[in-house]
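The values are calculated or read from the model by the stated rules, or taken from the named source; none is laboratory data. Source: prediction; values computed, not measured. So basically every Cβ, Gly included, is an ideal-geometry build from the backbone, and we count neighbours across all protein chains shown. Calculation scope for accessible area: heavy atoms of the full protein, side chains included, ligands and nucleic acids excluded. Shrake-Rupley method; radii C 1.70, N 1.55, O 1.52, S 1.80 Å.
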Amino acid sequence: LYLNHIKNVLCGNYQGQRKEQLYHYIIYWMASALTQHLDDRTTVGLVLQSGQGSGKGVFTKFFGQFFGHYFYHLTDSSRLTQKFNMQMKDRLLVFVDESVFAGDKRAVGPLKTMQTENTFTIEPKGVNAFVVNNHRRFIYSSNESWVINKEADDRRYQVIDVKNQKMSRGEYERIEQQWNDGGKE
């Protein structure tokens, strides 16, 4: 049911070969996020856009369970691009949920470097800043039509126009039940 959700909801606005390619891209992206944390880490963030209740969070929260403590669900943009970012240390997957304003020109550079650079600076409150390795992958999600400031030749983001169809509580519960009954394995 989870894989069906990826194929028919996340990729639901695409047809034929394009749908298959996007589905396989997402699956390979997920596999890479789980297995390659050092030199070969994926430097492309998934950007999910659609209306409310379509299942963007369902996809990410279930996937995030594989990472345990190394998954972070971010709902405050200041924690992403500004000081006092200790919560970003040691993360492997960051779900940026309705937390980026694409029109914020000050955030463009920091967001780009988060995707591609091998290190980043952690600045805890009241403590000197220090540099750590960057192992993070990002999934951005928004109900807005303009989620991320992406340039025409930008290689850092895979924008996915998610099928704009409300997910019922029953659909969610069936995915969750199967997931908890051995589906994630």
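When you go through Val159, Val131, Val127 one by one, which is the residue that is part of a strand (DSSP E or B), of a type in the set (A, V, I, L, M, F, W, C) and farther than 20 Å from Gly57 by Cα? Let's see the steps before the verdict.
Values: Val159 fails: farther than 20 Å from Gly57 by Cα; Val127 fails: part of a strand (DSSP E or B).
Exactly one residue qualifies, and that residue is Val131.
Here is a list: Phe67, Phe84. Which entry is modelled with pLDDT of 90 or more and either in a helix (DSSP H, G or I) or open to solvent by 60 Å² or more (accessible area, probe 1.4 Å) (or both)?
Phe67
Hey, can you tell me all the residues within the stretch 9-29 that are under 17 Å from Phe66 (Cβ atoms) and open to solvent by 20 Å² or more (accessible area, probe 1.4 Å)?
Ile27, Tyr28
Just the residues that are touching a Phe, Trp or Tyr at 6+ places or on another chain (Cβ under 8 Å) and either open to solvent by 60 Å² or more (accessible area, probe 1.4 Å) or closer than 12 Å to Gly45 by Cα (or both), please, taken from the stretch 114-135.
Within the stretch 114-135, Met114, Gln115, Thr121, Lys125, Val131 meet the criteria.
Of all residues in the stretch 141-166 being in contact (Cβ under 8 Å) with a residue 40 or more places away in the chain and more than 19 Å from the chain's Cα centre (by Cα), which is surrounded by the most Cβ atoms within 10 Å (Cβ to Cβ)?
Per the stated criteria, the residue is Gln165.
Being assigned to a strand (DSSP E or B) and either at pLDDT below 85 or under 13 Å from Gly45 (Cβ atoms) (or both): is that true of Val100 here?
Here the answer is no, as Val100 does not meet what is asked.
If I ask for residues that are of a type in the set (A, V, I, L, M), surrounded by 14 or more Cβ atoms within 10 Å (Cβ to Cβ) and assigned to a loop (DSSP other than H, G, I, E, B), which ones from the stretch 30-64 would you list?
The answer is Val44, and nothing else.
Kindly evaluate Ile175 against the criterion of being buried (at least 18 other Cβ atoms within 10 Å of the Cβ) and within 17 Å of the chain's Cα centre (by Cα).
No; evaluated as a whole, the condition is false for this residue.
Looking at Glu185, Glu173 in this structure, which one is without any contact (Cβ under 8 Å) to a residue 40 or more places away in the chain, within 25 Å of His37 (Cβ to Cβ) and charged (D, E, K, R)?
On the way: Glu173 fails: within 25 Å of His37 (Cβ to Cβ).
The unique qualifying residue is Glu185.
Could you list, in sequence order, the residues of the stretch 126-185 that are modelled with pLDDT under 90, of a type in the set (Ser, Thr, Tyr) and touching a helix residue (DSSP H, G or I) at 6+ places or on another chain (Cβ under 7 Å)?
Hits for the stretch 126-185: nothing passes.
For a quick check of your reading of the model, give me the residue pairs whose first member lies in the stretch 48-61 and is within 15 Å of Ser99 (Cα to Cα), whose second is among the acidic types (Asp, Glu) and in a loop (DSSP other than H, G, I, E, B), with beta-carbon atoms closer than 9 Å and at least 6 apart or on different chains.
Matching pairs, first to second residue: Gln49/Glu144.
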